[in-house]
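*Asks:* Here's a structure for you.
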Amino acid sequence: MNIKNGFTLIELMVVLAVIAVMTAIAMPLYQYEMRKLDASAVQQEMLKLADQLERYKSRNFSYHGFDPKYLYDEVNPMSSVNFPLKGTKKYTINLYDSSEATGKKLLSSDSGLGQRWAIIALSESEKNYSFLFTSTGLRCKNKTKANINFTGCGAVNTGMETW
């Protein structure tokens, strides 16, 4: 009796097909979970910045002139924060003086009233949310960056959600 040990080509191809199907299912789920993780991390960063803004106002009676450089061990003034701090940039976080009529002045600029703030985190990926958080308590998100402004994140039918 001549017995040969090993796998046939058909058996190997079936195993490869099963692995390919499992990978095709797992990869999008993994990428979705990583985007959720990034979004959660940037929300925490925005809350940290909001806390520091309130501390700054309690000492200076205004948000005007707030510069987050001390939070990130930077020497130069910061007009925006790339997030995460190390690695591939996934968000750009800007702090604006929303008490201005235009709402486009950064809090660290020399002009502005400094009575209200808005933090906008814009995603580098069109598959992830961009966020708005204001001193008036507005928290919203949208996957379309163009819908994010200082007063809101668009309408519900355009993808706006609260967080």
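*Asks:* Does Lys141 meet the test of being surrounded by 13 or more Cβ atoms within 10 Å (Cβ to Cβ) and under 16 Å from the mean Cα position of the chain (by Cα)?
*Replies:* In short, yes.
For every residue, the table says whether it meets (1) among the aliphatic types (A, V, I, L, M); (2) assigned to a loop (DSSP other than H, G, I, E, B).
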position: Glu54; (1), (2): no, no
position: Arg59; (1), (2): no, no
position: Gly65; (1), (2): no, yes
position: Leu71; (1), (2): yes, no
position: Val75; (1), (2): yes, yes
position: Asn94; (1), (2): no, no
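*Asks:* When residues of segment 88-113 are filtered for being more than 19 Å from Ala50 (Cα to Cα) and either surrounded by fewer than 16 Cβ atoms within 10 Å (Cβ to Cβ) or at pLDDT below 90 (or both), how many remain?
*Replies:* First, pick out the residues of segment 88-113 that are more than 19 Å from Ala50 (Cα to Cα): 88-90, 101-102, 110-111.
After this cut, where a residue has to be either surrounded by fewer than 16 Cβ atoms within 10 Å (Cβ to Cβ) or at pLDDT below 90 (or both) as well, the list is 88-89, 101-102, 110-111.
Residues meeting the conditions: 6.
*Asks:* Of these, Ile119, Ile148, which one is under 20 Å from Asp51 (Cβ atoms) and of a type in the set (A, V, I, L, M)?
*Replies:* Just one listed residue meets the conditions, Ile119.
*Asks:* Also, I was wondering about something else. Could you tell me whether any residue of segment 61-72 is among the hydroxyl-bearing types (Ser, Thr, Tyr), crowded, with 16+ Cβ neighbours inside 10 Å, at pLDDT below 90 and more than 27 Å from Gly154 (Cα to Cα)?
*Replies:* Looking through segment 61-72, at least one residue is among the hydroxyl-bearing types (Ser, Thr, Tyr), crowded, with 16+ Cβ neighbours inside 10 Å, at pLDDT below 90 and more than 27 Å from Gly154 (Cα to Cα).
*Asks:* Run Leu49 past the list (1) assigned to a loop (DSSP other than H, G, I, E, B); (2) touching a Pro at 6+ places or on another chain (Cβ under 7 Å) and report the number of the one that doesn't hold.
*Replies:* Only one criterion in (1) assigned to a loop (DSSP other than H, G, I, E, B); (2) touching a Pro at 6+ places or on another chain (Cβ under 7 Å) is unmet by Leu49, namely (1).
*Asks:* Here is a follow-up. Read through the list (1) at pLDDT below 90; (2) surrounded by 17 or more Cβ atoms within 10 Å (Cβ to Cβ), then give the number of the only condition that Asn147 fails.
*Replies:* (1)
*Asks:* Looking at Glu33, is it farther than 16 Å from Ser135 by Cβ, touching a Phe, Trp or Tyr at 6+ places or on another chain (Cβ under 9 Å) and at pLDDT 90 or above?
*Replies:* In short, no.
*Asks:* Something else about it: For the subset of segment 114-130 comprising residues that are under 23 Å from Tyr70 (Cβ atoms) and either in a loop (DSSP other than H, G, I, E, B) or not aliphatic (A, V, I, L, M) (or both), which member is modelled with the lowest pLDDT?
*Replies:* Checked segment 114-130; the qualifying residue modelled with the lowest pLDDT is Gly114.
*Asks:* Do you know which residues across segment 45-54 are surrounded by 11 or more Cβ atoms within 10 Å (Cβ to Cβ) and without any contact (Cβ under 8 Å) to a residue 12 or more places away in the chain?
*Replies:* Glu54
*Asks:* Considering every residue within segment 28-41, establish whether at least one is out of contact with any Ser or Thr (no Cβ under 9 Å at 6 or more places or on another chain) and of a type in the set (Gly, Ala, Ser). So that I can check it myself, show each step before the final result.
*Replies:* At the first step, the residues of segment 28-41 found to be out of contact with any Ser or Thr (no Cβ under 9 Å at 6 or more places or on another chain) are 28-34, 36-37, 40-41.
Subsequent filtering for residues that are of a type in the set (Gly, Ala, Ser) retains 40-41.
Yes, that holds for at least one residue.
*Asks:* While we're here: Would you confirm whether any residue within segment 10-20 is of a type in the set (Asp, Glu) and crowded, with 16+ Cβ neighbours inside 10 Å?
*Replies:* no
The values are calculated or read from the model by the stated rules, or taken from the named source; none is laboratory data. Not measured: the values here are computed from a predicted model. Because the Cβ atoms are built from the backbone with ideal geometry, glycine has one as well, and the counts that use them run over all protein chains shown.
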